[in-house]
Ligand SMILES: *Cc1c(COP(=O)(O)O)cnc(C)c1O
């Protein structure tokens, strides 16, 4: 059939819309993408329930900042709400505003607080800022006074991380101010552990102690200290509410120990070329690798622009079931090359998908190979993948 498409820009989109290319929307996105990202929402719900069982009666909130660690807050948060979660944390007001559309009734807290000027938006959309210092406290009091409404919020104390929160020395003055600032309602007092992923670190009990010492000053507030790793430090760290993020998404909460949570993410790269090269052939940019002998290579259409770390040049892996296929040479922007010489003849062909994150090597393993952590691998996942959500 003669396919004549008018190339003028004004016409082109109309023509493209009219062509039936034979694909459903899902199939088209798979056929036109370099990688396939599968996100198991059922596994996230199971992880939520496993953490609830672990939390010794404390309530379990969910941290869905950074688009639920790159997995899509709009898809993830409603699943968590259906699993029983009623309190959500984001980092920024803009994330809270987007989340409010998906969660009309849940409690949403903003970890970084209301950026100056965003207080009114928080009040209107019922976002609760975490107040991290006096400026934020005064601004929130002012905004609630002007609006003439109550302003629920959280107070954070810096118990030993030097990142966010009121100094412990301010606790008395703050506790005395709150009843007189009657529009401010402090529902939650929180702090964050700096070393929770190192269970034997002495900062952990020191921070816990500082936190529990605040209890009498805020007798009606809910207290929260533990994120994912903190939950696994034991019951004395759970207080009233825990706030996991990473563990919900399958990241191991205690590095180096067996992961009690289930995997959530699978990333497969599409094979777009296979070739055989002879010994001595320079491979990829800078000829950073050279074939030691005849080699079978496969080019996958996933690169650092997709969040596949460039630091995996020469050391990352793709996987054919359990068989490791090493990345050779540099990771490019839109592609990478793997050595498939060890795969059975014909087992890796044009159009196939190979695992980059999957059963054989999860987000923590990839993070380790890349010299980073599973958190960064997740939050770097690119926008170009065909995304599939399993329910
Ligand atoms: C990101 C964050 C969390 C969640 O941490 P995870 O380690 O992902 O569970 C909890 N609390 C605060 C203050 C955070 O910044």
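The values are calculated or read from the model by the stated rules, or taken from the named source; none is laboratory data. What you see is a predicted model; the values in this text were computed from it and never measured. Note: ideal-geometry Cβ built from the backbone for every residue, glycine included; neighbour counts use all protein chains shown.
Data table
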{"quantity": "Members of segment 223-244 found to be more than 12 Å from the ligand (Cβ to nearest atom) and in a helix (DSSP H, G or I), listed by number", "calculated": "235, 236, 237"}
{"quantity": "Residue 189 vs. criteria surrounded by fewer than 23 Cβ atoms within 10 Å (Cβ to Cβ) and either within 15 Å of the ligand (Cβ to nearest atom) or under 28 Å from residue 49 (Cα atoms) (or both)", "calculated": "no"}
{"quantity": "Residue identified as within 15 Å of residue 370 (Cα to Cα) and out of contact with any helix residue (DSSP H, G or I) (no Cβ under 8 Å at 6 or more places or on another chain) among 326, 294", "calculated": "326"}
{"quantity": "Selected residue [crowded, with 19+ Cβ neighbours inside 10 Å and within 16 Å of the ligand (Cβ to nearest atom)] from 298, 289, 247", "calculated": "247"}
{"quantity": "Per-region count, segment 131-173, residues modelled with pLDDT under 95, under 29 Å from the mean Cα position of the chain (by Cα) and part of a loop (DSSP other than H, G, I, E, B)", "calculated": "0"}
{"quantity": "Unique match (being out of contact with any helix residue (DSSP H, G or I) (no Cβ under 7 Å at 6 or more places or on another chain) and part of a helix (DSSP H, G or I)) among 205, 199, 219, 255", "calculated": "205"}
{"quantity": "Residues satisfying the stated conditions in segment 107-116, i.e. touching a strand residue (DSSP E or B) at 6+ places or on another chain (Cβ under 7 Å) and either surrounded by fewer than 24 Cβ atoms within 10 Å (Cβ to Cβ) or on the phi < 0 side of the Ramachandran plot (or both)", "calculated": "107, 108, 109, 110, 111, 114"}
{"quantity": "Within segment 36-71, considering residues that are assigned to a loop (DSSP other than H, G, I, E, B) and within 16 Å of the ligand (Cβ to nearest atom), the one surrounded by the fewest Cβ atoms within 10 Å (Cβ to Cβ)", "calculated": "55"}
{"quantity": "Condition met for residue 176 (more than 21 Å from residue 224 (Cβ to Cβ) and either touching a helix residue (DSSP H, G or I) at 6+ places or on another chain (Cβ under 8 Å) or not in a loop (DSSP other than H, G, I, E, B) (or both))", "calculated": "yes"}
{"quantity": "Number of the condition not met by residue 114 [criteria: (1) under 19 Å from residue 211 (Cα atoms); (2) within 16 Å of the ligand (Cβ to nearest atom)]", "calculated": "(1)"}
{"quantity": "Cβ pairs under 7 Å, 6+ apart, first in segment 210-233 and closer than 8 Å to residue 189 by Cβ and touching a residue at least 12 places away in the same chain (Cβ under 8 Å), second part of a helix (DSSP H, G or I) and within 15 Å of the ligand (Cβ to nearest atom)", "calculated": "223/211"}
{"quantity": "The one condition in (1) surrounded by fewer than 20 Cβ atoms within 10 Å (Cβ to Cβ); (2) in contact with a helix residue (DSSP H, G or I) (Cβ under 7 Å, 6 or more places away or on another chain) that residue 104 fails to fulfil", "calculated": "(2)"}
